[in-house]
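One structure is given here, and the rest of the page talks about it.
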Amino acid sequence: MTTVSIRSRGTVTIDAGHCKGCELCIPACPPGVLAMSTEVNHMGYRYPQLYAGCTGCAACLYVCPDFVFEVFRFNQPVMSDVEVAE
Amino acid sequence: MTATLPGRAERTLMEGSEALVRASIAAGCKFFAGYPMTPFTEVLEHFARLLPEAGGTCINAESELEAVGMAWGALATGERAATGSTGQGLSLMQESFSELTLAELPMVVFNMARGQQDYFQATRGGGHGDYRHIVLAPQDVREGVELVQLAFFLADKWRNPVLVYGDYLLAHTQEALTIETLQFPELPPKSWAVDGTKSGSGLSGSVTPLGVSKHGQPSFGQEGKAQYIATKTPLMEREVRVETGFLDDAETVIVTFGSPAKFVKYAIKQLRADGHRIGYVRPITLWPFPYDTVRDAAAGARRVGSFELSAGQMVDDVRIGVSGQAPVTFIGGVSTDHSGFGMGRMLDVDVIRDRILALHTDRELPVIPGYEEFTYALAPHQQEAAR
Amino acid sequence: MERELLITGIGGQGVQLAAQVVARAATLEGREVLFFGLYGGMMRGGNTDSTVVVADAPIEAPPVVAQAWSAIGMHDEFWAPTEARLRPGGVVLVNDATFTSTIRDDVTVLRIAATDLATEAGNPLGGSMVMIGAYSALTGLVGVDSLVEAMRASIPSYRQQHIEANEQVIRLGYEHVDPGVHPAWVPAATNA
Amino acid sequence: MSTHTPRGPVLDTTVAPAAARIVEALRPELLLTQEHHMCPGCGEPLALRGFLDTLSEMGVAQRSIAVAGIGCYTSFSGTMDVDLVQALHGRAPSVATGVKRMKPDAVVFTLQGDGDMVNEGLQEVLHTAARGEQVTCILLNNGVFGETGGHMTATSVIGQRTKNSLDGRDAEYHGYPILIGDLVSRLEGAAYVARGSVHNAGAVARTKKMFRRAFETQVERRGFSFVEVLTMCPTGWFVPTADGPGYMNDTLGEVHIMGELKVDGVVRTTDELRIENEHRQHEIEAALARGGLDT
């Protein structure tokens, strides 16, 4: 394991309960910080989860048919130290 | 040498079409859209000429489908609006007529029919679903001026389309007239109309034939909407209007409507002068049909005749009204002029009088010269059935 | 009292205009008026008929009458149905220039050479205007001044140049006939 | 677009962060609820967000009137916070005409699908455009009847498999698709005509600008305006939801070429549009890489 420092300029909230699992947001995310859950929501759909590195660009929101994203931009970038496999 | 009768000098000689249009404007009509078709065309022409002067808009729609849609949009904003055509054009509008009823839009529709063969279309409709339209059938231009204004009032009163059923004669006959604006009881403001000002407030509205409302507002649902609309039908049935004449001691009762009624009444007056006990019932509203009046008239009569220029449509309603109290005979017939737009030779007081008298004296209906039996055109197996 | 006037001829003779002028003149005089024109779909040469009903009380007659008190015949080609509708004792005015048929003898018939009179006055198309002028003198159904006023209101804007010539021939027709030979109204009605 | 694999723990996205400002709200201001019954991966809500937010941003929301056709999108009739007139299938442009003539100061727009506009009501939109009616028609074009379950429409492209063209649309048998935007752009009364899409974030942003130009055209009374939006219908196309954007771009997108088809009365050729599209796509990708789209 090694620790890397990842910079996030923004973040999103995800209303997972309204997600229908279409996965359009996953490839739409420029920094690639969204991945589908293994769990399912109450409707039986997998939903996106956020990892460190969001830029707050809103691309996920633009392509989300179910309006589950809300997009925020941090006043100051947030640094996260993340342990990753080598 | 000009001698003017007092109090009548204000009137002008006016074509029926123009009178109906001026009556619409007097009633506050602000929008009209139509597509030319004989004999409705002049109604469109007069709207195109007169409505802009009165601050309204008339669009020469590219089709009947579009005409009724445009009027639909204008009505949804709360303005009084109308469309029209002949029965043929109205056939194209039937889908909208059905759904306008569900959308509760108070559309006034002019049918300048080519004959009286649109009775079923007007009273039963060619559209889908459960719906009824009040149908007003003026006998002449003067009455048309009143009924058009009544049509706009009733449409708003019931939030339901109202048809004015006219014909070639009504559209083209000229009479000396003044258009007087009639007063009707006040109606509540159209809080249901949309104008855009409630958008974005959380309280936006919608005008829709569907059973849905805006999110968070009470909604009928599709089934509920159909049931709600059905509750209006028996209430609108109270709007029945009818004229009767000579019924007190009538042995024969003739039921007749629209322009031909004027011919029938004239003929009956002549027959009365000769001592024949004949009376008439003239439905002014074709729907609701004056079943009770027909029932009462038939109660003391020996026979009932239905005179209409069709293959026999209103006669069904006459039979319902008579309810078996007396035999019902259809004494009208298909009768158009050679162009197919106007009315044929059956529309003649002498011809009509002969038919009424034949019915009254239990004789066979006279054959009208030139109105051959067309059974020769039947295929052999059909001819067999005809025998 | 209801007075019916049938005008018949062939398209282009001014039948519809003549009927409209009579109807409008009667309107100007405050009468009840009903006017319905029928023409065979052709602008020229087809049959053309008009019905005018004038009354001093609301009209009961339908716009196509079975029986008529009077008629004007501009041409005899389509005349027969009109003649059949005349009541005994009725009155007929015919344009002698283009109407040669004989007419049944239970009606009063007056023949005038309307087309010739109009041509002499320099308005060869004014025959129907001569006829209604003459009809005014013959019956008094409408006054001649009313006819002139009604004619002015009936001529479309693009034909205004014909107004003076038409007035001339209406009055010519009026003066050509002895007034009041077959009166439409009992005196009390016109004095009302 | 994304080539990275997410790393580290899943972040908490259930609550709004501190020390941050909202860039884009959860749902459009003019939607009464975010819930709807569209299928997973449907493109229609994306277009909906585009024009609703545009109305809000232009400050004309409080004088806007929608006229809805009949299709899947009709279910938004009850959730858009916009005064609305529900029209019959195909008839919305005429209804909008009547509305606009009576309320000339309102921003009046139709919302129609390709079955509604290009099949049932083709004459309506053409006549309304030709009249130069001061309304905006919005077409959600996915090349199928979504509501009935994926049937061929007048805009389905050659080779497209639908429930009633199982072996693909065959020109000889089924005829050719109608390029409605191109058709409308040729009409003199049409002042602004554009074809956008919602198959990726860049396209969504670009389409939103089209909505703005269209509504501005109407507000300035410059004539009829028209925005066609290619939308995904993975259900009706019988493809996985995630494949929707790619399928759309490769099929509908190759025939119904995106771009502004008519601006200020000038019609642009398909070649011009193709060149511009490549250029635009590079720009948008670069912008996204920099961290955001300036909409």
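The values are calculated or read from the model by the stated rules, or taken from the named source; none is laboratory data. Because the structure is predicted, anything quoted here is derived from the model rather than measured. Positions of Cβ are backbone-derived with ideal geometry, glycine not excepted, and every protein chain shown enters the neighbour counts.
Remarks
- Any chance D:MET210 is assigned to a helix (DSSP H, G or I), among the aliphatic types (A, V, I, L, M), modelled with pLDDT of 95 or more and buried (at least 24 other Cβ atoms within 10 Å of the Cβ): yes
- Matching option when the condition is facing another protein chain (nearest Cβ under 10 Å) and at pLDDT below 90, among C:LEU38, C:LEU34: C:LEU38
- The condition (being farther than 30 Å from B:PHE32 by Cα, touching a helix residue (DSSP H, G or I) at 6+ places or on another chain (Cβ under 6 Å) and not hydroxyl-bearing (Ser, Thr, Tyr)) is satisfied by just one residue among D:GLY150, D:GLY168: D:GLY150.
- Qualifying residue in segment B:126-136 (condition: closer than 30 Å to C:VAL54 by Cβ and more than 14 Å from chain D (Cβ to nearest Cβ)): yes
- Of residues in segment D:29-59 being more than 8 Å from every other protein chain (Cβ to nearest Cβ) and in a loop (DSSP other than H, G, I, E, B), the one farthest from D:VAL198 (Cα to Cα): D:GLY59
- Of everything in segment B:82-102 that is assigned to a helix (DSSP H, G or I) and in contact with a strand residue (DSSP E or B) (Cβ under 6 Å, 6 or more places away or on another chain), the residue that is surrounded by the fewest Cβ atoms within 10 Å (Cβ to Cβ) is B:GLY87.
- Qualifying residue in segment D:242-254 (condition: under 30 Å from A:CYS19 (Cα atoms), within 14 Å of chain A (Cβ to nearest Cβ) and among the β-branched types (Val, Ile, Thr)): no
- When B:GLY300, B:GLY324 are checked against the criterion of being at pLDDT below 95, more than 14 Å from chain C (Cβ to nearest Cβ) and more than 22 Å from B:GLU143 (Cβ to Cβ), B:GLY300 stands alone in meeting it.
- Note on segment B:338-355: among residues that are more than 21 Å from the chain's Cα centre (by Cα) and within 9 Å of chain C (Cβ to nearest Cβ), the one that is surrounded by the fewest Cβ atoms within 10 Å (Cβ to Cβ) is B:HIS338.
- Each residue in segment A:16-37 was checked for being in a loop (DSSP other than H, G, I, E, B), on the phi < 0 side of the Ramachandran plot and facing chain D (nearest Cβ under 7 Å), and 7 of them qualify.
- Residue count for segment D:213-235 satisfying the condition of being under 17 Å from A:GLY21 (Cα atoms) and of a type outside the set (S, T, N, Q): 3.
- Being out of contact with any Cys (no Cβ under 6 Å at 6 or more places or on another chain), surrounded by fewer than 17 Cβ atoms within 10 Å (Cβ to Cβ), modelled with pLDDT of 95 or more and not acidic (Asp, Glu) is a property that does not hold for D:GLY149.
- For segment B:345-360, the condition holds for no residue, the condition being that it is in a loop (DSSP other than H, G, I, E, B) and at positive phi.
- Single residue of segment A:38-53 satisfying the filter (more than 7 Å from chain D (Cβ to nearest Cβ) and among the polar types (S, T, N, Q)) that is nearest to D:GLY41 (Cα to Cα): A:ASN41
- Just one of the listed residues (D:ARG131, D:ARG101, D:ARG186, D:ARG195) is within 14 Å of chain B (Cβ to nearest Cβ), within 19 Å of D:VAL267 (Cβ to Cβ) and basic (Lys, Arg), and it is D:ARG131.
- Among the residues of segment D:80-98, those that are more than 7 Å from chain B (Cβ to nearest Cβ) and small (Gly, Ala, Ser) comprise D:GLY90, D:ALA92.
- Verdict on A:GLY56 being facing chain D (nearest Cβ under 7 Å), assigned to a loop (DSSP other than H, G, I, E, B) and within 14 Å of the chain's Cα centre (by Cα): yes
- Check on B:SER85, within 11 Å of chain D (Cβ to nearest Cβ) and closer than 17 Å to B:ASP118 by Cβ: no
- Residues considered: B:ALA155, B:ALA122, B:ALA176. Of these, the only one that is of a type in the set (Gly, Ala, Ser), touching a Leu at 6+ places or on another chain (Cβ under 8 Å) and either in a helix (DSSP H, G or I) or within 14 Å of chain D (Cβ to nearest Cβ) (or both) is B:ALA122.
- Qualifying residue in segment A:21-28 (condition: more than 17 Å from D:ASN200 (Cα to Cα) and of a type outside the set (Lys, Arg)): no
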